[in-house]
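Novice: Just passing along the structure, written as structure tokens.
The values are calculated or read from the model by the stated rules, or taken from the named source; none is laboratory data. Fair warning: this is a prediction, and the values are worked out from it, not measured in the lab. Cβ placement follows ideal geometry from the backbone for every residue including glycine, while neighbour counts extend to all protein chains displayed. Each accessible area value is taken on the protein alone, full model and side chains, heavy atoms only, with ligands, DNA and RNA left out. Shrake-Rupley method; radii C 1.70, N 1.55, O 1.52, S 1.80 Å.
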Amino acid sequence: MRTLAVLLWGGLATVWFASRVIWAAIRNSPTLACRCWEAPRYWSREILRAAGVTVEWEGVEHLEEGRPVI
């Protein structure tokens, strides 16, 4: 049942976030770069939330500020 919910929600989330990026590109919006960076983050959060995944951070104090890490 959860698989079906994730597929449905994932499809809706994909359409929503992709349409926001496409709409910004069509309009030559000054926020296009921002949209292209934020859409995948929000999209992945929605997919993980629908799948019931929890993300825990450990050792955050060891990370350097100002640079992306995985």
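Novice: List pairs: first residue in the range 1-20 and under 14 Å from C36 (Cα atoms) and part of a helix (DSSP H, G or I), second residue open to solvent by 80 Å² or more (accessible area, probe 1.4 Å) and of a type outside the set (D, E) anywhere in the structure, Cβ distance under 6 angstrom, at least six positions apart or on different chains.
Specialist: F17/W43
Novice: When you go through (1) at pLDDT below 85; (2) open to solvent by less than 90 Å² (accessible area, probe 1.4 Å) one by one for W57, which number turns out not to apply?
Specialist: All conditions pass for W57, except number (2).
Novice: Output the residues belonging to the range 29-44 that are open to solvent by less than 70 Å² (accessible area, probe 1.4 Å) and not in a helix (DSSP H, G or I).
Specialist: Those that are open to solvent by less than 70 Å² (accessible area, probe 1.4 Å) and not in a helix (DSSP H, G or I): S29, T31.
Novice: Taking I47, is it of a type in the set (V, I, T) and open to solvent by 50 Å² or more (accessible area, probe 1.4 Å)?
Specialist: no
Novice: Write out, first by first residue and then by second, each pair whose Cβ atoms fall under 7 Å of each other, whose residues are 6+ apart or on separate chains, and whose first residue, in the range 52-70, is within 30 Å of L4 (Cα to Cα) while the second is at pLDDT below 85 and loosely packed, with under 10 Cβ neighbours inside 10 Å.
Specialist: G52/R2
Novice: If we keep just the residues of the range 30-54 that are of a type in the set (S, T, Y) and more than 14 Å from the chain's Cα centre (by Cα), which is modelled with the highest pLDDT?
Specialist: Of everything passing the filter in the range 30-54, T54 is modelled with the highest pLDDT.
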